[in-house]
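Read-outs: derived from the displayed coordinates by stated rules, not from any lab. Because the structure is a prediction, the values reported are computed rather than measured. Here the Cβ positions follow ideal geometry from the backbone for every residue, glycine too, while neighbour counts run over all protein chains shown.
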């Protein structure tokens, strides 16, 4: 008795790779018009490829065209960037106003304390104003031979000679007994009154040069402003105030006593009004700005 042999089952891989022939016939003549061979595996690949293409085209269409506004809760990319930039600008302006206000308050309080005969209290941390990208620990402040001889001469004399004659005859006689130490040796690129509102002079010098106090005095302000960067102001005798702007590092704090020729800062390029490493130096007498070049040789 014959027994039918069991047929071997096809594997899944064989099934999806098995090709089928698809024929298109003419409905009237039953003539073959077109035919092609395709497997299930090929059909799956074509389907996946079509889905990927549709998804990619849809993403590009709704992301970079005006159609993105048709999707609810999806903001326009340009408007979103403008909103982020506006928030960032507002935050920067708020910080700038707050910093300038705190700086002005400290300056006023220290000036009032100084006028009362009190020593201004230091309310800032000098370490917080140091640019950490530079290493200032190895910078040596050594006076030149000329500076040392000049200091010895000044300390040995009771009377001082002014380093230049003032053309203003109505200036207070107390100014005739004041000797000004040069705060920074360099080239003066912008003179007093050379531009609108320019109440000092600009001195260009290499970076890491020490900025020195022009007279003995007390630091009444040492801080940061958006326009002028790191600023230090020193109150001297005879109602004189010296101002040093755009420094990279402040070496003295509010309330510190300084001597003429003592380093108080390092020349830098800080603040929005600065375009290169230089010192903006101002000299104020009885509340009015005066030309430093009338008294100091740079």
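Data for the structure
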read-out	value
The stretch 242-298 versus the stretch 78-108: alpha-carbon centroid distance in Å	26 Å
Taking 221, 92 and counting other C-beta atoms within 10 Å, the order from fewest to most	92, 221
Length-normalised contact order of the stretch 256-298 in % [C-alpha pairs under 8 Å, at least 6 apart]	20 percent
The stretch 210-292 - percent relative contact order, Cα under 8 Å, separation 6 or more	33 percent
Rounded if a/c under 1.5, otherwise prolate or oblate - the stretch 12-68, Cα gyration tensor axes	oblate
Residue 48/residue 25 FRET efficiency (R0 25 Å; Cβ-Cβ; nearest 0.05)	0.25
The stretch 12-68, relative contact order in percent, only Cα pairs under 8 angstrom and at least six apart counted	26 percent
Least to most buried among 62, 181 (fewest other Cβ within 10 Å first)	62, 181
Residue exposure sequence - 213, 113 - by fewest surrounding Cβ within 10 Å	113, 213
